[in-house]
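Notes to accompany the following structure.
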Amino acid sequence: MAIFSVYVVNKAGGLIYQLDHYAPRADTEKTFSFPLDLVLRPHDERVVVAFGQRDGIRVGHAVLAINGAEVNGRFTADGKDVLEFLGNPANYPVSIRFGRHRLSSNEKLMLASMFHSLFAIGSQLSPEVGSSGIEMLETDTFKLHCFQTLTGIKFMVLADPRQTGIDALLRKIYEIYSDFALKNPFYSLEMPIRCELFDQNLKLALEVAEKAGPFGPGS
Amino acid sequence: MQKTEEQRGEKRREEKRREEKRREEKRREEKRREEKRREEKRREEKRREEKRREEKRREEKRREEKRREEKRREEKRKRIEIKLCCLRKKSYKLTSKYIRSYTSSMSRSPGRKQENHKISRELFVLTYGALVAQLCKDYEKDEDVNACLDRMGYSIGIRLIDDFLARSAVKKCRSYSETVDMIAQVAFKMYLGVTPSVSCNSATGNEFSLILDKNPLVDFVEELPAERASLCYCNLLCGVIRGALEMVHLAAEVSFLQDRLKGDAVTEIGITFLRKPEDRKHRRNK
């Protein structure tokens with residue numbers, strides 16, 4: 001029962017606040033000997049598994065650390081290219097940690113803006129007149145709940161599919177936003193929220209919602 | 001001679017038989033009447049029984065109702081007691097008026113914690129008065145002061161609208177008149193404690209006015225000084241309404257149409273929506 005993250009998007013579609021409350025880390029660290037039976041290829045700034053799922057290492061997982069030292073994009077901590085390093089039999093046996101890469105803040109900004117557009121498209125595509133945008137997106141590993149206020153601010157919560165009480169949580173986040181972000185005289189509207197009190201109260205609210213668990217009030 | 005004796009005997013027997021018959025008849029009549037009376041009595045009894053049962057049921061219902069009322073009042077009293085205890089523990093000097101108004105508005109928002117303590121109304125009114133007085137010292141012209149108050153009110157309104165929507169959880173308004181009703185009955189009540197009355201001024205449904213008979217901001221103001229004759233003392237309120245409406249994508253012009261401080265009978269705030277009512281249907285749903 002967990003709430004994974006909270007996103008707040010302003011009227012223009014820009015991400016103004018993001019909190020990763022709980023990230024299920026699914027790392028796998030394994031020792032390999034030459035030759036490597038996974039096929040790796042570079043993708044963006046990372047080295048990802050292209051073929052060869054085994055033991056929890058799935059396609060799309062990125063190389064996170066080699067021999068305990070975290071990799072820096074496509075280069076090891078020492079500055080060597082990862083693919084070169086792993087192509088050299090002299091370096092084996094080597095222990096590599098694979099896992100889903102964390103989203104960088106730029107990626108989060110992009111994804112939030114994309115969701116903002118999809119939200120608007122959703123409301124346009126709807127056969128019913130006067131419907132709202134996307135309120136919930138359900139997958140088998142998480143549910144994304146979105147609440148748009150009448151002023152155009154969107155609050156998105158990614159949570160475990162079994163978590164209940166997210167609607168009430170979204171309203172509560174709106175209250176916290178109107179209290180600690182808007183009433184702060186030095187906070188400009190539509191700008192990224194950098195208010196300590198907002199952070200603290202949001203985390204408290206998330207903890208309360210998580211504790212209520214699957215038997216919480218309504219959904 | 002015997003015949004006449006016999007005849008008389010016959011006659012007498014006849015007479016007797018008829019007598020008998022009549023008596024029989026009478027007895028039967030009597031019996032029937034008796035029966036009828038007994039029937040009547042039984043029906044009467046039944047009706048009375050029914051009535052008594054009805055009465056009993058009504059009594060029971062009334063008692064049930066009373067018990068429920070009592071329960072509700074007890075619960076209310078307990079809740080008020082708890083709240084009063086918490087309030088007394090605090091070190092603020094709260095006037096009794098505020099304790100009553102606080103407890104009566106308990107059901108506002110379940111998520112609110114006890115930190116929602118009130119500040120003295122006098123402090124707020126004095127602060128506003130000091131603000132206007134300082135602006136009058138800073139600016140010579142009334143229009144400048146009015147414009148400044150309007151701008152301040154605007155920056156308050158753009159933030160206050162989210163607070164209002166979060167606390168009151170109202171649904172989207174479908175028409176201008178619904179919007180103005182919401183402002184008058186919910187927003188004013190929530191923030192200033194007064195409920196202005198709404199009237200529609202124009203046939204096109206664009207212009208409305210809020211008539212305030214009680215304005216807490218001017219509690220301590222008697223009249224405007226002679227050199228500030230065109231000052232709109234409460235222009236902040238106009239800015240607040242304008243800012244709030246703008247954040248929900250409703251462009252409006254808000255101004256004072258009448259002002260008690262300037263000698264008019266009532267204080268009237270006029271709200272003019274700038275877009276035509278038909279345009280609302282084509283507005284993209286947010």
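The table for this structure:
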| quantity | calculated |
| --- | --- |
| Conditions (1) closer than 30 Å to B:Met152 by Cα; (2) more than 12 Å from chain B (Cβ to nearest Cβ); (3) touching a strand residue (DSSP E or B) at 6+ places or on another chain (Cβ under 6 Å); (4) of a type in the set (Lys, Arg): number failed by A:Lys154 | (2) |
| Qualifying positions in region A:61-93 - in contact (Cβ under 8 Å) with a residue 24 or more places away in the chain and either under 26 Å from A:Pro24 (Cβ atoms) or touching a Cys at 6+ places or on another chain (Cβ under 7 Å) (or both) | A:His61, A:Ala62, A:Val63, A:Leu64, A:Ala65, A:Ile66, A:Asn67, A:Gly68, A:Val71, A:Gly73, A:Arg74, A:Val82 |
| Any helices (runs of 4 or more DSSP H) falling wholly within region B:136-206 and containing at least 3 residues that are away from chain A (no Cβ under 14 Å) and over 22 Å from the mean Cα position of the chain (by Cα) | B:142-168 |
| Qualifying positions in region B:244-267 - under 30 Å from A:Gly152 (Cα atoms) and assigned to a strand (DSSP E or B) | B:Ala252, B:Glu253, B:Val254, B:Ser255, B:Phe256 |
| Sole exception among (1) in contact with a strand residue (DSSP E or B) (Cβ under 7 Å, 6 or more places away or on another chain); (2) in contact (Cβ under 8 Å) with a residue 24 or more places away in the chain for A:Phe34, by number | (1) |
| Scope region A:95-114; condition under 21 Å from A:Lys11 (Cβ atoms), surrounded by 15 or more Cβ atoms within 10 Å (Cβ to Cβ) and under 13 Å from the mean Cα position of the chain (by Cα); matching residues | A:Lys108, A:Leu109, A:Ala112 |
| Segments classed as strands (runs of 3 or more DSSP E), wholly inside region A:8-63, with at least 2 members that are within 27 Å of A:Leu158 (Cβ to Cβ) | A:15-20, A:28-32, A:46-51 |
| One residue from A:Ser123, A:Ser132, A:Ser178 being facing another protein chain (nearest Cβ under 9 Å), within 15 Å of A:Tyr17 (Cα to Cα) and hydroxyl-bearing (Ser, Thr, Tyr) | A:Ser178 |
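To keep it simple, each residue is scored yes or no on (1) at negative phi; (2) surrounded by fewer than 20 Cβ atoms within 10 Å (Cβ to Cβ).
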position: B:Asp142; (1), (2): yes, yes
position: B:Val145; (1), (2): yes, no
position: B:Leu149; (1), (2): yes, no
position: B:Arg159; (1), (2): yes, no
position: B:Val170; (1), (2): yes, yes
position: B:Asp181; (1), (2): yes, yes
position: B:Gly193; (1), (2): no, yes
position: B:Pro196; (1), (2): yes, no
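Just so you know, all these numbers are worked out from the coordinates, no wet-lab data involved. Since we're looking at a predicted model, the values are computed, not measured. All Cβ positions, even for glycine, are placed from backbone atoms using ideal geometry, and neighbour counts span all protein chains on display.
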